[in-house]
């Protein structure tokens, strides 16, 4: 890797939508929750779980209460059907008694028994439905249901705080960690990648904590409870239920396995499609002007057709599960009806038992499917947690020195002494860099891309640590200062015009938070930004939108310059600071800069040689080394690289 | 939402078939409790075994038929939803490819991408669900009500109480939860924004020592999100228990009142049991429809966005009878051209006139926002002039077919747009049937040959999406080679030398000179040195032509030009 590290910030962040192939078909329709693409595999399940536990442990008491509530609520609701069955049995008993009474009476009449016998049968005790008993049962039942609902509510209520607060802590923890990570970490990955760990992965963990954990408890409790109840009604019928159980699990597994290839194919097609769309849309101008629309559309159709072919199959497969599970459960239902009917007819169980059993069968399928899912979900969550922990495990910046030196007054005398540096230890860029910038001097750095110009800034600001040698400011090694104190010395204007989502006023004020209103205006005027700012509909209170696209690139640059001016640093760093403004505006800014740079040590990196001609010292860099140095005249006299570069501007005139 | 459903037309037959099949499924599902009540009433209580077996077999057949119907339905659903998605996606993509730059910029690339991918998928997903729930649930709901009425009209009164209760509570909860979800989404966005800013601005934040400030912002956003999320979760916590309670309450009520009716010999026990199952089926259907009502607004928003793309009128259209210029004379002419974006207060260009003939180089210079790029974009009809005429080879560009017009042009865009694929493929983008020699030659002229051949696989090196594995200057040179290989009549360089160092810039221009003898060259530039030797320099200031002529002429006559020169060149260079 060359010095490019500093040259490409922000590359990943504005990738825009369609970030990953996964974004497009998220849910995948009904039953989609049951079948996702291949589940992500965690590398070290045990280790990750072990690290997750402490987060839960600190909320131990609440969790235990939640567990107890979950089980209690489940138990209460499971007893329901059994009681209901009793009520129905009682009804049936009443019914059968009445039937018997009528049967006897009819029998007496039909067989022409003596009147006394008929009268006896008629006046026999007419069996009453025991509605009082049934009423008591139903009251009990209603009470249980209310209790169960209440407990389940309290459980979810308690859990909502627990899970969210855990995630809150984790997010803060990861943010603090990010603050301590060296820039090396940021330069090595896209922003999207880091972002996804703090948001998507965290969300994943939160959802699992909130839903899956309690679901797991209630599901397992339900399965066990229902099994017990079913067994108490009829072991034989329970057997039927247990036979249908593996059937549905097997079927789900088979479908999942078979549909996997469609899902993989679908993800691939989606990825390709998103990629093509993204590329063709962002390159719209080129597509149009090179008459490439037809090819582009043809290619799109091809991917789109492929997506359809594989997509509907995946969709259909996932759509199969619901009907199939339904069928299996209906099968169980039918067999229970038949077998129950036979058993009732033989008086070995009661009618109400059949009703209860049917209800148990119905409540059986859901928790089983859920438990099967939870395994998948947990795996994904652990993978997420693993990625979060990965960030937390990254090596941090070198800790601050124990006895930091603070400079009371900064003269701005900067020295590089035998500096050795490489972005990785096996790829050394700078071998022995020696530079001296005297107080008040302007040092310009020129050279081709990758020469290490931006690296100099990275080292000066201590974004990266040197591998050897030292950098001194006013004779103090910069590693002997606190980073904050060191950076206070410098003011920086970069090619990358970072502004945040807020008012223009606040963005300029960012340079010096304690600055007064007038100082902000002053800085804006010095940067020649005041005029355009006042021309904006909201003036200084105009809110820059997320991409700050409501002002031009050049205007953004003016704001960053104003920000630097406001911070009033002892040493200035200008890294291609005016590359985005047109040259007439640049002249204006240059004047402002000249005032700013007057009697201040400044480092200037520039493309346009005209802007650095007046520098006290020009360093020509190539591949991490300084190949020429001197002022403009000296370098022109040498007739080397710099002179060559300079003269090439006018090659055709000559 | 309804508007976009026109794309369902080809699948109307599938929809109808689907409805039929869903009816079948509903009939099967609704008949099962009915048969069960037969088993209870006639079988169990009467001890009639054959009835139990006979009815049991009927139930089996019914369950199987239901399963088949439901599988067929999901087949239809998959075919039609994905087919619909494919068709809409295709329509949207083709439409966008036909967009002029005006429509394109109006919506923006990022938004167009979302609309073509995520938004359509969103609608497609709702369609799959919809087929199942929107169509099936009402069938079940109505069927269930009919069945339960047929079992016992009086008992059905219970539903009159429990269904409205269910609905009222659901609507009440939804009216609380849905806005809360919206707030939560906003808080999530806020957190993401804060985080993304602290990532993109990491250097600035550290340089200005604002880490604590950023952390505070993050913690605040995090706290906000957590609070809202907890609030939402707390509301959601009541949802399931309440629903379960209503269902269970209904069952209890059915058994109590049903029991009373049974005790008065007005109803049979089996019917009561069947009734309670119908009640469950009805309530579940209602719940499902409610879930759909939560889904639909999201799809609705997507549909609106997709429709906007489809309904957008393309400002730049081919004429009914396109003209072809009599000869290829490489002539570009502007006659009193003005351009304003629709609705804009001030025009971007005002009354521009000039002629650039074969072998001539016309340069356009001016400050940011002076309208340089817009002017160049009028030639390939990225936009159409609001007033005046742009002529190529003597014909108004509006009277030409866009394709044949653009075939004459080699355009090098400002941002150096490259595509994923090999270097070779990227240069070939300019001319599909270019030979290897032509590609190499173009690369040499564009000063790209050296660095390309130094890359691991030379011309077969893969370029990452957006050309991220190349430097800005390298990208620009490839993008120039792509235009050169076309060997066009008209070259347009839209600020295409900015990322080149002076040396490469000069070498490139020297090499180019030989290639373009018979072509017209339009160069948009910021650097004086890139255009000093042009035959004609147009100086733009806020959309007006404030000077035209050669470098030396303009130095004498044009104040703005002189200012630009002074800003870039030293005294001795000016002399």
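Every number in this text was worked out from the coordinates using simple rules, so none of it is lab data. Not measured: the values here are computed from a predicted model. Ideal geometry is used to build each Cβ from the backbone, glycine not excepted, and the neighbour counts take in all protein chains shown.
Of note:
- For the range A:414-648, a Kirkwood radius taken over Cα pairs fed into Stokes-Einstein (25 °C, viscosity 0.890 mPa s) yields D = 132 µm²/s.
- Pair-distance distribution P(r) for the range B:409-487, from all Cα-Cα distances in 5 Å bins starting at 0: 3, 19, 33, 30, 14, 2, 0 percent.
- Rough spin-label spacing in nm, given labels placed 7 Å along Cα→Cβ, for residue A:101 and residue A:636: 12.6
- Dividing the summed helix terms, -39500 (n - 2.57) for each DSSP H run of n ≥ 4, by the number of residues in chain A produces a 222 nm estimate of -21000 deg cm²/dmol to the nearest 500.
- Residue B:341-residue B:314 pseudo-label distance in nm [points 7 Å out on the Cα-to-Cβ vector]: 2.2
- Within chain A, DSSP assigns beta bridges of which about 55% are antiparallel (rounded to the nearest 5).
- The Cα atoms of chain A define a convex hull whose projected area, averaged across directions, is 44.9 nm².
- Helix B:502-515 vs. chain B, principal-axis angle (Cα, 0 to 90°, nearest 10): 80
- Helix-only mean residue ellipticity at 222 nm for chain B, each DSSP H run of n ≥ 4 adding -39500 (n - 2.57), per residue, nearest 500: -20500 deg cm²/dmol
- Rounded tilt (10° steps) of A:351-393 against the dominant C-alpha axis of chain A: 10
- Using the Cβ-Cβ distance between residue A:366 and residue B:301 with R0 set to 51 Å, the FRET efficiency from 1/(1 + (r/R0)^6) comes to roughly 0.95.
- All Cα pairs of the range B:131-264, percent lying beyond 26 Å: 53
- Structural size metrics of the protein assembly as shown, computed from C-alpha coordinates, are Rg and Dmax of 38.7, 146 Å.
- Taking the number of Cβ atoms within 10 Å of each Cβ as an exposure proxy, the fewest-first ranking of B:356, B:453, A:152 is B:453, B:356, A:152.
- Fully extending the segment from residue A:242 to residue A:432 would add 60.7 nm, taking 0.36 nm per residue of separation and subtracting the current Cα-Cα distance.
- Cβ-Cβ FRET estimate between residue B:264 and residue B:284, R0 fixed at 22 Å, reported to 0.05: 0.15
- Overall Cα dimensions of chain B - principal axes, largest extent first, Å: 117, 61, 51
- Note on residue A:301 and residue B:60: the model spin-label points, each 7 Å out from Cα along the C-beta direction, lie 5.2 nm apart.
- Between the helical axis of B:12-38 and the longest alpha-carbon principal axis of chain B there is an angle of about 20 degrees.
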